[in-house]
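Coordinate-derived values only; no laboratory data. Just so it is clear, the model here is predicted, and its values are computed rather than measured. Cβ placement follows ideal geometry from the backbone for every residue including glycine, while neighbour counts extend to all protein chains displayed.
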Amino acid sequence: MIWQVLGDILPLAFGIIISPMPIAAVIALLLGPKGKVNAVAFTLAFLVATFAVTLAFASGTKGTTQSDSFFAQLFHIVLGFAFAALFFFLAYRSWRRRPKKGVRSAEPKWLAAIDSFGVVKAVGLALLLGTVNLKNLPIEIAAGATIGTAGMEWPLVFIAVLVFAVIASLGVIVPTLIGASGSPKVTGFLRSSKNSLIAHNNVILAVLFVILGVLQLGKAIGSFGG
């Protein structure tokens, strides 16, 4: 059963992997004066935050579907449609907020001030992006609900959440590992990547949320035959 659950949450983890702002944040930290230390602190805190939020929602939904009864199926159907609607709304919201043609996206003020961050602020930023971030939180809730309602025992729930958190954090783990080399070529690549992520943030998110919405919609429709 755990393999089926991991297959269900993998697309959700991918949604967090390509979330632009956490990646831009860790790159900005790497390019700052305390690069490696701040980036490692940010990455670990982001991983812990993703794990904690997902586990909380997995715990909150565990035991809600103990059988294949009508009400259990109805719960999955309603949950699937609710998440699909949420992701489609976020896709519409992100698309509407994309910059107009010829207009350059403004860098967020917190990102522009990231050079002055120490370890504490880097950790705080990671916790914010990993917990109350409107872009990642719905994905973590969906993953937690998927794990919690699968009917697995607690050790398997814990493992599934941990796997999800690690995979979801690859978007910040990989730049941190790459940036550790400190070579000029890597630094230049990271700087251009950060600028691209900021410029196309809303378009990336719009496409991402549409994909997640379609997946959740398909899961909800599939529950009719469960």
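With the cut-off at 1.5 for a/c, could you classify the stretch 102-200 from its C-alpha gyration tensor as rounded, prolate or oblate? Present the calculation step by step, with values, prior to reporting the outcome.
Working: a/c = 2.22, a/b = 1.83, b/c = 1.22.
Here the stretch 102-200 falls in the prolate category.
Could you line up S169, S196 from fewest to most neighbouring Cβ atoms inside 10 Å?
Details: S169 25, S196 13.
Final ranking by Cβ density, sparse to dense: S196, S169.
What do you get for the angle between helix 35-61 and the principal long axis of the chain? Use alpha-carbon atoms, 0 to 90 degrees, nearest ten.
For 35-61 against the chain, the angle is about 10 degrees.
Calculate, in nm to one decimal, what I178 and V119 gain on full extension: separation in residues at 0.36 nm each, minus their alpha carbon distance. Walk me through the numbers on the way to the answer.
Numbers: separation 59, 0.36 × 59 = 21.24 nm, distance 1.95 nm.
Extra length from I178 to V119 when fully extended: 19.3 nm.
Using only Cα atoms, tell me the angle between helix 20-31 and the longest principal axis of the chain; keep it within 0 to 90° and round to the nearest 10.
30
How many lysine pairs in the chain, separated by 8 or more positions in sequence or lying on different chains, have Cα atoms less than 17 Å apart?
On the way: K34/K121; K36/K121; K36/K185; K36/K194; K109/K121; K109/K194; K185/K194.
Number of lysine pairs found: 7.
Quick one: angle between helix 137-148 and the longest Cα principal axis of the chain, in degrees between 0 and 90, rounded to 10, please.
40
Would you indicate which of (i) 146; (ii) 134; (iii) 114 is the value of volume of the Cα convex hull per residue in Å³ derived from the coordinates of this structure?
From the options (i) 146; (ii) 134; (iii) 114, the structure gives (iii).
For the chain, what is the charge dipole size about the Cα centre, in debye to the nearest 20, if Lys and Arg each add +1 at the Cβ and Asp and Glu each add -1 at the Cβ? All intermediate terms of the calculation are to be shown ahead of the outcome.
Details: 17 positive and 6 negative charges, 235 e Å.
It works out to roughly 1120 debye.
Starting from the Cα-Cα distance between V186 and I18, subtract it from 0.36 nm times their residue separation and give me the gain in nm to one decimal. Walk me through the intermediate numbers first.
Working: separation 168, 0.36 × 168 = 60.48 nm, distance 1.92 nm.
Full extension of this stretch gives 58.6 nm more.
Taking 8 Å as the Cα distance limit and 6 or more residues as the minimum spacing, I'd like the relative contact order of the stretch 2-225 as a percentage.
On the way: 307 pairs, mean separation 107.7, N = 224.
This gives 48 percent for the stretch 2-225.
Using only the Cα atoms of the stretch 1-128, build the gyration tensor, take square roots of its eigenvalues as a ≥ b ≥ c, and label the shape rounded, prolate or oblate: rounded if a/c is under 1.5, else prolate if a/b is larger than b/c, else oblate. Spell out each step's value before the answer.
Values: a/c = 3.15, a/b = 1.64, b/c = 1.92.
Here the stretch 1-128 falls in the oblate category.
Figure the gain on full extension for F224 and R98 (residue separation times 0.36 nm, minus the Cα-Cα span) and round it to one decimal in nm. If you can, show how the numbers build up before the last one.
Working: separation 126, 0.36 × 126 = 45.36 nm, distance 3.61 nm.
The span from F224 to R98 would gain 41.7 nm if fully extended.
Pull out a ≥ b ≥ c, the square roots of the eigenvalues of the alpha-carbon gyration tensor of the stretch 169-221, then state rounded if a/c is under 1.5, prolate if not and a/b is larger than b/c, and oblate in the remaining case. Mind showing how you got there, number by number?
Values: a/c = 6.14, a/b = 2.23, b/c = 2.75.
Since a/c reaches 1.5 but b/c is at least a/b, the shape of the stretch 169-221 is classed as oblate.
Could I have the simple spin-label model distance between K36 and V214, label points 7 Å from Cα toward Cβ, reported in nm to one decimal?
For the pair K36/V214, the computed spacing is 4.3 nm.
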